[in-house]
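Presented below is the structure to which this report refers.
Read-outs throughout are calculated quantities, based only on the coordinates presented, and are distinct from any laboratory measurement. None of these values were measured; they are calculated from a predicted model. Heads up, the Cβs are rebuilt from the backbone with ideal geometry, glycines too, and the neighbour counts pull from every protein chain shown.
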Amino acid sequence: MKMISAVIKHFRLDEVRKALTEIGVQGMTVIEVKGFGRQKGHLEVYRGVEYEVQFLPKVKIEVAVTEDKLEDVVNAIQEAARTGEIGDGKIFIYNLQDVVRIRTGERGREAI
Amino acid sequence: MMNTRVLKGITVFLPVMLLMLSNSAFAADAAKVDPGDTAWILVSAALVMLMTPGLALFYGGMVRRKNVLGTIMHSFIAIAVISIQWVLIGYTLSFGPDIKGIIGGLDWIGLKGVGVAPSDYAPTVPHLAFMIYQAMFAVITPALISGAFAERMKFSAYVIFILLWSTFVYDPVAHWIWGGGWLGSLGVLDFAGGIVVHVTSGISALAAALIIGRRKGYLVEQMTPHNLPMTVLGAGLLWFGWFGFNAGSALSSGELSTVAFVTTHTAAVAATLTWMIIEWIHHGKPTMFGAATGAIAGLATITPAAGFVSPMAALIIGVAAGLFCYTALNAKTKLGYDDSLDAFGVHGVGGAIGTISAGLFASLAINSGGANGLFYGNANQFFVQLGGVAFVAVYSFVVSVVLLKIIDFVVGLRVREEEEIQGLDVTQHGEEGYFF
């Protein structure tokens with residue numbers, strides 16, 4: 001099992017969710033995050049006081065998948081989140097040790 | 001058909017007839033009270049009252065989220081503290097029978113003798129109506145200062161400060177200009193409080209910013225406004241209330257209040273647009289925060305001139321407000337003092353510019369009770385205005401410094417460093433503005 005964690009642009013979130021449900025993904029977690037990458041920050045001016053905004057807001061989605069679905073899911077996210085501009089984000093993939101469905105106590109693949 | 005029409009007629013005419021009866025009954029009691037004027041003054045008092053919660057939101061949106069309630073509290077509690085000070089002693093010090101042009105006598109302490117019969121200040125409205133209208137001015141003035149020491153002042157010290165400041169700065173200056181005191185006798189024109197409200201509070205704000213010192217992390221940490229829509233809502237309420245502030249200062253309902261209403265709005269929009277254009281050129285983008293600040297600068301600046309100048313003069317005064325206040329705000333970071341929410345840059349500078357402008361643009365054709373300014377052949381008025389601003393500025397600065405030093409010595413002005421980091425909401429008030 002793998003955990004996919006992707007940092008994407010806000011306005012691509014709906015496309016990504018659609019793409020994932022189309023290939024049968026049954027759940028995901030969304031978190032509002034801030035950070036920096038190759039995309040530069042920008043300048044904000046409040047009553048003449050300038051602030052360099054270094055951390056830009058993004059959304060991070062997390063999806064747990066079985067190995068056989070990994071490539072499909074990664075491709076779906078990449079295609080749906082991509083605009084071709086700097087700042088489209090990144091996809092991280094981790095090994096997932098175990099999963100527990102709280103309601104039934106099922107473990108592993110059954111619980112995803 | 002007929003019956004319903006008759007019924008309708010009765011329901012319309014009966015209240016009108018009763019109203020006419022009650023009017024004539026009152027007319028017999030107090031011949032001089034004008035119901036139209038009284039209605040306008042009472043509505044204006046309510047409008048000016050709303051400005052202080054408006055100011056609370058205007059300032060509240062500009063601070064960091066950990067200080068939102070502490071900042072709003074500064075304005076809100078001024079309503080209670082200063083209203084009580086006013087009915088007990090403030091009104092009589094400001095408007096009580098004059099003592100040598102310096103201060104009002106204690107004859108009206110606790111509103112003794114202040115009743116429903118009109119006073120000399122406003123001959124067509126009950127004395128109590130004039131008193132409560134003036135109370136709202138006394139309330140908002142110290143609240144304006146709170147922008148200078150936002151995010152770092154101890155609440156107990158704040159309450160003591162506004163109480164003393166009202167008694168030793170606001171009340172005497174209000175007397176000098178409006179209460180039959182020496183500046184009014186010299187001919188200083190201040191229609192609705194350019195000197196009494198904005199110069200006193202703005203200059204005292206500068207004194208306070210210098211004495212309390214910068215916020216921890218000023219110009220190093222990011223101190224962006226946490227909720228600008230809140231600030232814009234506050235600006236809107238201030239603008240709305242300002243019609244009561246300026247047009248109400250005619251103390252009657254009619255020609256003069258209309259002129260002041262129109263000049264007020266004209267200056268506000270001129271300053272809004274001026275601010276936006278300069279900022280667009282200077283910093284590359286027209287900001288909402290800038291537009292809201294420009295509106296307030298225009299309103300503060302037209303205040304002393306509102307009932308003395310023409311709408312076209314108000315347009316020019318509004319443009320001047322935008323230019324001067326914008327420059328003052330942008331100079332602040334270079335000069336290094338931390339007037340956190342620009343109480344000095346907007347109110348001090350605006351009040352002074354407006355009062356001096358009245359010395360240029362005032363016209364007897366607009367208000368026969370005023371004077372002609374420099375542009376209408378009376379250069380003397382310009383110097384009278386300049387002198388009035390200068391004297392009150394020095395007086396406000398010196399007395400504020402003395403009061404703040406005393407309070408600092410006795411209870412301490414500033415919260416402890418760890419309290420400043422944690423925020424005023426939790427450390428001063430034990431509550432938080434937001435839970436999410």
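What is the dipole size for chain B, taken about its Cα centre, with +1 at each Lys and Arg Cβ and -1 at each Asp and Glu Cβ, in debye to the nearest 20? Provide the component values of the computation, followed by the final result.
Values: 19 positive and 23 negative charges, 79 e Å.
Magnitude of the dipole: close to 380 debye.
Give a residue-ordered list of calculated ³J(HN,Hα) values for segment B:299-310 (Karplus: 6.51 cos²θ - 1.76 cosθ + 1.60, θ = phi - 60°; whole Hz; x for Gly, Pro).
Computed from phi, the couplings for segment B:299-310 are 5, 5, 6, 6, 3, x, 9, 3, x, 10, 10, 7 Hz.
When B:Ile103, B:Ile302, A:Ile93, A:Ile77 are ordered from fewest to most other Cβ atoms inside 10 Å of their Cβ, what list results? Present the calculation step by step, with values, prior to reporting the outcome.
Values: B:Ile103 18, B:Ile302 36, A:Ile93 14, A:Ile77 24.
Fewest-to-most Cβ neighbours within 10 Å comes out as A:Ile93, B:Ile103, A:Ile77, B:Ile302.
Go ahead and run the numbers for FRET between B:Ile277 and A:Val30, Cβ-Cβ distance against an R0 of 41 Å, rounding to 0.05. Working shown, then result.
Numbers: r = 41 Å, r/R0 = 1.01.
For B:Ile277 and A:Val30, the calculated efficiency is 0.50.
For B:Val411, B:Val269, what ranking results if the residue with the fewest other Cβ atoms within 10 Å of its Cβ goes first?
Numbers: B:Val411 12, B:Val269 16.
Fewest-to-most ranking of B:Val411, B:Val269: B:Val411, B:Val269.
Just want the ordering: B:Asp37, B:Asp190, B:Asp107, from fewest to most Cβ atoms lying within 10 Å of their own Cβ.
On the way: B:Asp37 22, B:Asp190 31, B:Asp107 12.
Fewest to most other Cβ atoms nearby, the residues stand as B:Asp107, B:Asp37, B:Asp190.
Kindly express, to the nearest 10 degrees and within the range 0 to 90, the angle between helix B:228-247's C-alpha long axis and the longest C-alpha principal axis of chain B.
Value to nearest ten degrees: 40.
Per residue Cα convex hull volume for the protein assembly as shown, in cubic angstrom?
Numbers: hull volume 133.9 nm³, N = 548.
About 244 Å³ per residue, rounded to a whole number.
Measuring from label point to label point, each 7 Å out along Cα→Cβ, what is the A:Asp14 to B:Val398 span in nm?
6.6 nm
Work from the charge dipole of segment B:35-424 (Cβ charges, +1 for Lys and Arg, -1 for Asp and Glu, about the Cα centre) and give the residue of B:Val116, B:Met62, B:Val232 farthest towards its positive end.
My answer, from the dipole projection, is B:Met62.
Using all Cα-Cα distances in chain B, what percent lands in each 20 angstrom bin from 0 up to the longest?
It works out to 26, 55, 17, 2, 0, in whole percents.
For B:Leu364 paired with A:Ile23, estimate the spin-label separation in nm (one decimal), with each label point 7 Å from Cα along the Cα-to-Cβ line.
8.7 nm
Local charge sum around A:Val59 (other residues, Cβ-Cβ under 11 Å, Lys/Arg +1, Asp/Glu -1)? Each step should come with its number before you reach the end.
Values: positive: A:Lys9, A:Arg12, A:Arg17, A:Lys34, A:Lys58, A:Lys60; negative: A:Asp14, A:Glu32, A:Glu62.
With Lys, Arg at +1 and Asp, Glu at -1, the net is +3.
Mind checking the angle between helix B:68-85 and chain B's longest principal axis? C-alpha axes, 0 to 90 degrees, to the nearest 10.
Roughly 50 degrees between the two axes.
Would you mind checking which residues have amide H under 5 Å from B:Asp98's amide H? H placed 1.01 Å from N; only 5 or more apart, or other chain.
Result for B:Asp98 returns B:Gly105.
Tell me what the protein assembly as shown gives for mean residue ellipticity at 222 nm when only DSSP H runs of n ≥ 4 count, each as -39,500 (n - 2.57), the sum divided by the residue total, rounded to 500 deg cm²/dmol.
-18000 deg cm²/dmol
With a 10 Å radius around each residue's Cβ, average the other Cβ atoms per peptide and rank A:13-21, B:71-79, B:122-130, highest first.
Details: A:13-21: 16.4, B:71-79: 23.1, B:122-130: 20.8.
Taking the mean over residues of other Cβ atoms within 10 Å, the ranking is B:71-79, B:122-130, A:13-21.
By how many degrees, between 0 and 90 and to the nearest 10, does the Cα long axis of helix A:13-22 differ from the longest principal axis of chain A?
It is inclined by approximately 20 degrees.
Give the lysines whose C-alpha is closer than 16 Å to that of B:Lys100, dropping any in the same chain fewer than 8 places away, or say none.
Cα-Cα hits under 16 Å: none found.
Averaged across A:48-56, how many Cβ atoms of other chains sit within 10 Å of each residue's Cβ atom? Don't jump to the answer; show the numbers that get you there.
Values: counts 17, 9, 2, 4, 1, 2, 1, 1, 0.
Mean inter-chain Cβ contacts per residue within 10 Å come to 4.
Considering every residue in B:256-262, what mean count of other chain Cβ atoms within 10 Å of its Cβ is obtained? Write out the running numbers ahead of the final one.
Working: counts 0, 0, 0, 0, 0, 0, 0.
Mean number of neighbouring Cβ atoms from other chains: 0.
Which of the residue pairs B:Lys66/B:Lys285; B:Lys32/B:Lys112; A:Lys9/B:Lys66; A:Lys34/B:Lys154 have a Cα-Cα distance greater than 24 Å in the structure shown? Mind showing how you got there, number by number?
Details: B:Lys66/B:Lys285 28 Å; B:Lys32/B:Lys112 21 Å; A:Lys9/B:Lys66 28 Å; A:Lys34/B:Lys154 33 Å.
Result: B:Lys66/B:Lys285; A:Lys9/B:Lys66; A:Lys34/B:Lys154 exceed 24 Å.
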